[in-house]
Amino acid sequence: MLFSSLVFLFTFLPITLLVYYLVPRKVKNVVLLIASLIFYAWGEPVYIFLMLISILFNYFCGMDIALKAGRKSQVRSLIFTIVVNLFILGFFKYYGFIVTNLNAILPFYIPYRKLELPIGISFYTFQTLSYIIDVSRGNVDVQVNLIDFGTYVTMFPQLIAGPIVQYADVERQLRERKESLTKFGYGAWFFVMGLAKKVLLANTIGSIYENIAAMDGMSVVTAWLGCLAYTFQIYFDFSGYSDMAVGLGKMFGFEFMQNFNYPYISKSITEFWKRWHISLTSWFRDYVYIPLGGNRCSNVKHCFNLFVVWILTGVWHGANWTFIVWGLTYFILQFLEKKLIPIHKVGKWGHIYTMCCVVICWVIFRSESVMSAFHYIVKMFGIGVPFVDETSLLTLKGVGGLLVISVFACIPWKDSAIVNRVPKSVRYLLTQIGILVVFIVSILSIMNGNYSPFVYFNF
């Protein structure tokens, strides 16, 4: 079930909200848990059992780790729990990739059956790991209420594609949270704006890159138009989903982390990753980078720490060499920034440099193979292809306006001088009218069959 589907918007969500607000406080988490399991089972009826096993396993392991606090056996229990969680994730996500590569180098063939990836497994696995690790550190209390723990793992607003919610951030909210009309209104605003990002922008611009990448021949301009289209698509797609997740959380009284903070205005790669997929960056910082020593160590050790984080970031995104190369590329760029290139001194040129790097990295990220990414990037720099051709001019004419709109949608206008000149009462009225119009247009677009799955469902 997708947030941008009519069955979710006009059946599942209204019924869930109605029941949630009618029942007493003590059973609200029960409602959320049941609703979340139904939500997940709608698209993954088989893998719902895998999720239930994950809940029970981590619940009892958390109890065991808490009981062994201060003893050496706690470390063994922690390692065992982490290994089992990562094994389950690795089996479903990387089994086929590993066997395929082994078959390419071994003198014999290993038969295997391709497994469907359980939706959201990367996200909820990282959430359970955050809980287990924080319990072992003593940062949070062990959760003795199975319903509350199950609600944390399965919460449908952020279950499928994040943001990754660390247990420490919602520990108290699971027990006591306050719903209000104001919070609900803010939640509705977030949800509608996220829906518009997905339906009106991401879906519209998403097909451009695929059409261009399939061309036998292209010019430099066409190649850049294609990767710019994907640059905007993945941002509006993923940030749109995250906005909807944050909005839904507010409707049910929760406060989730903002997952995006206008990343395309960044002036360095380091800044970009402070603004893009913030929940994932925070997770790797708290549970990998800092435990390894962070930047408070020698240059060699710091380089190693960055390398580990970026390799894991690439691997987390998918079972393909492209993701590993993508992660390595960002490792090199960030290392150069931190150690060799004074990017903070180049001013506005830093933004141009950053966006060029990001766009090229998205080509690697999106490509089916490292070689196809290489061939595409070569064309972007004019090797063996003309600078402009008729196709590029026609493409630019057809999507130029959409690209301009996309650029403006990536800029924070809320606190700009232009917006602040408008009286507050007028801004409020225009905002309410705008939200209503955007919602209606988005619904009409969905009804017309303009559909595409969320990009990050694949991860």
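Before moving on, here are some points about what is shown:
- Where a residue in the range 33-60 is touching a residue at least 60 places away in the same chain (Cβ under 8 Å) and assigned by TED's automatic domain parsing to the domain that holds Gln127 and its partner, wherever it lies, is among the β-branched types (Val, Ile, Thr) and not in a helix (DSSP H, G or I), with Cβ under 8 Å and at least six apart: Tyr40/Ile119; Tyr40/Ile160; Gly43/Ile119; Glu44/Ile119; Tyr47/Ile119
- Test result for Ala66, assigned to a helix (DSSP H, G or I), closer than 15 Å to Arg137 by Cβ and modelled with pLDDT of 90 or more: yes
- One residue stands out among those in the range 394-415 that are at pLDDT 80 or above and small (Gly, Ala, Ser): the one that is surrounded by the most Cβ atoms within 10 Å (Cβ to Cβ), which is Ser406.
- When the criteria are applied in full, Asn103 fails the requirement of being loosely packed, with under 15 Cβ neighbours inside 10 Å, out of contact with any Gly (no Cβ under 6 Å at 6 or more places or on another chain), within 30 Å of Leu2 (Cβ to Cβ) and at pLDDT below 90.
- Within the range 29-46, the set of residues being within 10 Å of Pro118 (Cβ to Cβ) and over 21 Å from the mean Cα position of the chain (by Cα) comprises Val46 only.
- Single residue of the range 162-191 satisfying the filter (aliphatic (A, V, I, L, M) and buried (at least 17 other Cβ atoms within 10 Å of the Cβ)) that is nearest to the chain's Cα centre (by Cα): Ile164
Every residue, every condition in (1) under 20 Å from Gln173 (Cβ atoms); (2) touching a Pro at 6+ places or on another chain (Cβ under 6 Å); (3) assigned to a helix (DSSP H, G or I); (4) modelled with pLDDT of 90 or more, yes or no:
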position	(1), (2), (3), (4)
Phe12	no, no, yes, yes
Ile15	no, no, yes, yes
Leu18	no, no, yes, yes
Asn29	yes, no, yes, yes
Leu33	yes, no, yes, yes
Tyr40	no, no, yes, no
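- Among the residues of the range 138-188, those that are part of a helix (DSSP H, G or I) and hydrophobic (A, V, I, L, M, F, W, C) comprise Leu146, Ile147, Phe149, Val153, Ala168, Val170, Leu174, Leu181, Phe184, Ala188.
- Identity of the residue in the range 258-269, hydrophobic (A, V, I, L, M, F, W, C) and under 19 Å from Lys348 (Cβ atoms), that ends up surrounded by the most Cβ atoms within 10 Å (Cβ to Cβ): Ile269
- Screening the candidates Ala245, Ala229 for the property of being at negative phi and within 15 Å of the chain's Cα centre (by Cα) yields one hit, Ala245.
- Among residues of the range 77-91 that are buried (at least 16 other Cβ atoms within 10 Å of the Cβ), those with a Cβ under 6 angstrom from a residue that is part of a helix (DSSP H, G or I) and polar (S, T, N, Q), sequence gap 6+ or separate chain, pair up as Leu78/Ser136; Asn85/Thr125; Leu89/Thr125.
- Identity of the residue in the range 61-73, touching a residue at least 40 places away in the same chain (Cβ under 8 Å) and among the hydrophobic types (A, V, I, L, M, F, W, C), that ends up nearest to Leu115 (Cα to Cα): Cys61
- Looking across the range 263-287, the residues that are over 14 Å from the mean Cα position of the chain (by Cα) and in a loop (DSSP other than H, G, I, E, B) come down to Ser266, Lys267, Ser268.
To keep it simple, each residue is scored yes or no on (1) surrounded by 21 or more Cβ atoms within 10 Å (Cβ to Cβ); (2) touching a residue at least 60 places away in the same chain (Cβ under 8 Å).
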| site | (1), (2) |
| --- | --- |
| Ala229 | yes, yes |
| Asp237 | yes, yes |
| Phe256 | yes, yes |
| Glu271 | no, yes |
| Leu280 | yes, yes |
| Arg285 | no, no |
| Ile290 | no, no |
| Asn299 | no, no |
| Phe307 | no, no |
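- The residues in the range 325-367 that are buried (at least 19 other Cβ atoms within 10 Å of the Cβ) and free of Cβ contacts under 8 Å to residues at least 40 places away in the same chain can be counted, and the count is 4.
- Against the numbered list (1) modelled with pLDDT under 90; (2) closer than 28 Å to Ile405 by Cβ, Val300 comes up short only at (2).
The values are calculated or read from the model by the stated rules, or taken from the named source; none is laboratory data. Only a predicted model underlies this, so the values are computations on that prediction, with no experimental measurement involved. Cβ sites come from the backbone with ideal geometry, for glycine too, and all protein chains shown count toward neighbours.
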